[in-house]
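This report refers to the structure that appears directly beneath it.
The values are calculated or read from the model by the stated rules, or taken from the named source; none is laboratory data. Quick caveat, the model's predicted, so the values are computed rather than measured. In this analysis, Cβ positions are derived from the backbone assuming ideal geometry, glycine residues included, and neighbour counts consider all displayed protein chains.
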Amino acid sequence: MRNILLVIFVIFAATPLLQAQESKYHLLPVRVVDGDTLPYIKLSPVEVFDFRIMKTQREVRRNNKLIYNVKRVYPWAKLAGQKLVEYETVLSQIESDREKRQIMKEIEKQIQDEYGGELRKLTISQGKILIKLVDRETGNTSYDLVQDFRGMFVAFFYQSFARIFGYNLKVNYEPEGEDRNIEVIVRMIENGVI
């Protein structure tokens with residue numbers, strides 16, 4: 001009996017010492033493909049940005065200015081997209097055209113009071129980028145938005161006035177075409193790269 005107790009005591013005392021050594025290898029999930037066992041590792045997605053390499057100092061300055069301008073107006077475009085969704089829900093609940101026009105005038109006055117001063121400080125090139133980014137965020141050109149909310153006459157008036165200053169409210173955003181660099185910069189902003 002004494003021998004059995006001694007053996008049990010030795011087993012319990014030695015148990016921590018008998019545990020396996022810490023392995024320097026890690027087990028991975030595997031997949032069998034055509035009879036071959038391959039490790040299966042999930043990687044987080046990575047986005048590759050395709051900025052063109054600038055060859056001259058002038059191109060570098062133009063690119064830096066474009067980055068600055070997009071960073072300056074992108075929050076305004078995001079805000080426009082959010083406000084559009086907010087106003088569409090408010091206006092969809094109203095059935096009377098007269099009441100809709102009145103609310104739209106109030107909304108326009110509110111936007112003018114709240115954001116008008118800051119928007120007036122934008123340069124012409126920043127304004128052009130903002131018009132394109134509003135199209136990107138909302139899926140509608142600025143002209144279409146004005147026409148939907150304020151009517152065809154007001155949209156025509158705004159377009160005529162904008163053309164005097166070099167803007168075009170009917171311009172579409174082309175992420176694969178002429179606006180490719182803007183799209184790359186926006187994606188870099190969204191991913192926190194710049």
_Could you tell me how many of the residues in the stretch 33-49 are farther than 30 Å from Asn181 by Cα and either of a type in the set (D, E, K, R) or surrounded by 10 or more Cβ atoms within 10 Å (Cβ to Cβ) (or both)?_
5
*Scan the stretch 168-187 residue by residue and report those that are farther than 14 Å from Arg52 by Cα and touching a residue at least 12 places away in the same chain (Cβ under 8 Å).*
Asn168, Leu169, Lys170, Val171, Asn172, Tyr173, Pro175, Val186, Arg187
*In the stretch 41-82, which residues are of a type in the set (A, V, I, L, M), under 16 Å from the mean Cα position of the chain (by Cα) and over 30 Å from Val146 (Cα atoms)?*
Val46, Val48
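Is it true that some residue in the stretch 147-168 is among the acidic types (Asp, Glu) and either touching a Phe, Trp or Tyr at 6+ places or on another chain (Cβ under 8 Å) or within 30 Å of Asn63 (Cα to Cα) (or both)? Spell out the reasoning first.
To start, the set of residues in the stretch 147-168 that are among the acidic types (Asp, Glu) comprises 148.
Checking which are either touching a Phe, Trp or Tyr at 6+ places or on another chain (Cβ under 8 Å) or within 30 Å of Asn63 (Cα to Cα) (or both) leaves us with none.
No, because not a single residue in the stretch 147-168 is among the acidic types (Asp, Glu) and either touching a Phe, Trp or Tyr at 6+ places or on another chain (Cβ under 8 Å) or within 30 Å of Asn63 (Cα to Cα) (or both).
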*Of these, Val171, Val146, Val184, which one is within 25 Å of Ile67 (Cα to Cα) and in contact with a helix residue (DSSP H, G or I) (Cβ under 7 Å, 6 or more places away or on another chain)?*
Val171
*Is it true that Arg187 is within 23 Å of Val85 (Cβ to Cβ), within 16 Å of the chain's Cα centre (by Cα), modelled with pLDDT of 85 or more and among the charged types (D, E, K, R)?*
yes
*For Lys128, state whether it is surrounded by 14 or more Cβ atoms within 10 Å (Cβ to Cβ), more than 18 Å from the chain's Cα centre (by Cα) and under 20 Å from Tyr173 (Cα atoms).*
yes
*Of everything in the stretch 97-111 that's more than 15 Å from Leu84 (Cα to Cα) and at pLDDT below 80, which residue is surrounded by the most Cβ atoms within 10 Å (Cβ to Cβ)?*
Arg101
*Out of the residues in the stretch 131-163 that are among the aliphatic types (A, V, I, L, M) and surrounded by 12 or more Cβ atoms within 10 Å (Cβ to Cβ), state the one that is nearest to Glu174 (Cα to Cα).*
Leu133
*Name the helices (runs of 4 or more DSSP H) wholly within the stretch 75-194 that hold at least 1 residues that are of a type in the set (Val, Ile, Thr) and under 27 Å from Glu47 (Cβ atoms)?*
124-138, 180-190
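Results for (1) in contact with a Cys (Cβ under 9 Å, 6 or more places away or on another chain); (2) in contact (Cβ under 8 Å) with a residue 12 or more places away in the chain; (3) more than 21 Å from Phe161 (Cβ to Cβ); (4) hydrophobic (A, V, I, L, M, F, W, C), shown as yes or no for each residue.
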{"site": "Ile67", "(1), (2), (3), (4)": "no, yes, yes, yes"}
{"site": "Pro75", "(1), (2), (3), (4)": "no, no, yes, no"}
{"site": "Lys83", "(1), (2), (3), (4)": "no, yes, yes, no"}
{"site": "Val90", "(1), (2), (3), (4)": "no, yes, yes, yes"}
{"site": "Arg98", "(1), (2), (3), (4)": "no, no, yes, no"}
{"site": "Glu106", "(1), (2), (3), (4)": "no, no, yes, no"}
{"site": "Gln126", "(1), (2), (3), (4)": "no, yes, no, no"}
